[in-house]
1. For ILE74, project a label point 7 Å along Cα to C-beta. Then give me every residue of region 9-46 with its amide nitrogen under 19 Å of that point.
2. If I model a spin label as a point 7 Å beyond the Cα along the Cα-Cβ vector, how far apart are those points for ILE43 and HIS126 in nm?
3. Among MET68, MET150, MET106, MET114, which comes first, second and so on when ranked by fewest other beta-carbon atoms within 10 Å?
4. Going through the cross-link list LYS178/LYS342; LYS37/LYS178; LYS172/LYS337; LYS261/LYS299; LYS32/LYS172, which pairs have a Cα-Cα distance over 30 Å in this structure?
5. Show me, for region 334-340, the HN-Hα J-couplings you get by feeding each phi into the Karplus relation (A = 6.51, B = -1.76, C = 1.60, θ = phi - 60°), rounded to Hz, glycine and proline as x.
6. Label point 7 Å out from ASP54 along Cα-to-Cβ: which residues of region 4-45 have amide N under 12 Å?
7. Work from the charge dipole of region 250-339 (Cβ charges, +1 for Lys and Arg, -1 for Asp and Glu, about the Cα centre) and give the residue of ALA324, GLN281, PHE339 farthest towards its positive end.
8. Cut-off is 10 Å between beta-carbons; in what order do ASP54, ASP319 appear when sorted fewest neighbours first?
Amino acid sequence: MSVRRLADDSVQPDSFAFTPKNLSWAKQTIKKYPKGKQVSAVIPVLWRAQEQHDGWVSRAAMEEVGRMLDMPFIRVYEIATFYTMFQLAPVGKKAHVQVCGTTPCMLRGSEDLMAVCKRRISEQQHTLSEDGDFSWEEVECLGACVNAPMIQIFADTYEDLTPAAMEELLDKIAKGQKVKPGPQVDRIMSAPEGGLTSLDGEVVPAKKAASKKSPAKAAGKAAPAKKATASKKAAPAKKATKPAPARPAAASKPGPERLDKPRGNADDLKLISGVGPKLEQTLNKLGFWHFAQIAKWTKKDIAIVDDELSFKGRIERDDWVRQARALAKGGEAEYVKIFGKKPR
């Protein structure tokens, strides 16, 4: 963790005072701790000070909290500078974006989210945008690894993000529009995308299952055997079934454009973030050889290919279509222009 210091004196206010409502809340919070242990309230009271003071904790706010808890100021400084939940300098008025950079999110594309922040907000972390509305920083695990990559803005988290979804989120916040926290794809919390994939049938309780037995079995008696009848006719011979039709060639499948072979030289699909050597081979077998093919995929096409790849959500999560569109239009130069980095 990098060294954290208080903000420069030029941005420090001369004083800080809680609003009547927050002061009442702070006093009630302090009373929750045993006599002589009131200093344990320092973190929640500091947090309330941060919420009141536009999302950051000034030196004056720390000293006011120290006076309320009868703590040496240096102890309050130590706590505020140790915990990264406390911001030590002014942050964006509309959003301070914390991008998780821990392994699960990094593997799922958090670097691309940071590239959006660098382009839209500031090249450097902890630096206000020109209008003062936004700031950003890279942080450690935010606790929703299964929905990676994710960010946190003030008290809310936004998960399952792609660069395109990140752009849209920032646009809405900039315009003052309402944004939905949580997963940004079709899932509830951490449930599978598109609904349950297992345990989605009726579960019959044991008592109910037992009640379905025949009366004879329920009474402990054997059920009478059925009489054999001579009048039963022999079962008719089964009709011969036609052999299953041969699988159509890649080019004849419905949905997105497919090719039996590349037009000239095949494109290196591994340049698309999220596509590795094995996945490239699979895409080729499915009839996809060129960036231009992927660039034209519609939502319906994406759903079809998703099913064939058995990895629902990957295409949209990694934004394959937008990446392919850039590579098809101008190669690596266009990719760098759009995403702020070279393709993998």
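1. Output list for this probe position: 39.
2. 2.1 nm
3. Fewest-to-most Cβ neighbours within 10 Å comes out as MET106, MET68, MET114, MET150.
4. Where the Cα-Cα span goes over 30 Å, the pairs concerned are LYS178/LYS342; LYS37/LYS178; LYS32/LYS172.
5. Going residue by residue, I get 5, 4, 4, 4, 7, 9, x Hz, with x marking Gly and Pro.
6. Once the point is set 7 Å along Cα→Cβ of ASP54, 11-14 turn out to lie under 12 Å by backbone N, inside region 4-45.
7. ALA324
8. Working: ASP54 13, ASP319 23.
Least crowded to most crowded, the residues run ASP54, ASP319.
Every number here is computed from the coordinates shown, using simple stated rules; none is lab data. Keep in mind that this is a model prediction, so the values were computed, not measured. When we count neighbours, we look across all protein chains shown, and the Cβ atoms used for this are built from the backbone with ideal geometry, even at glycine.
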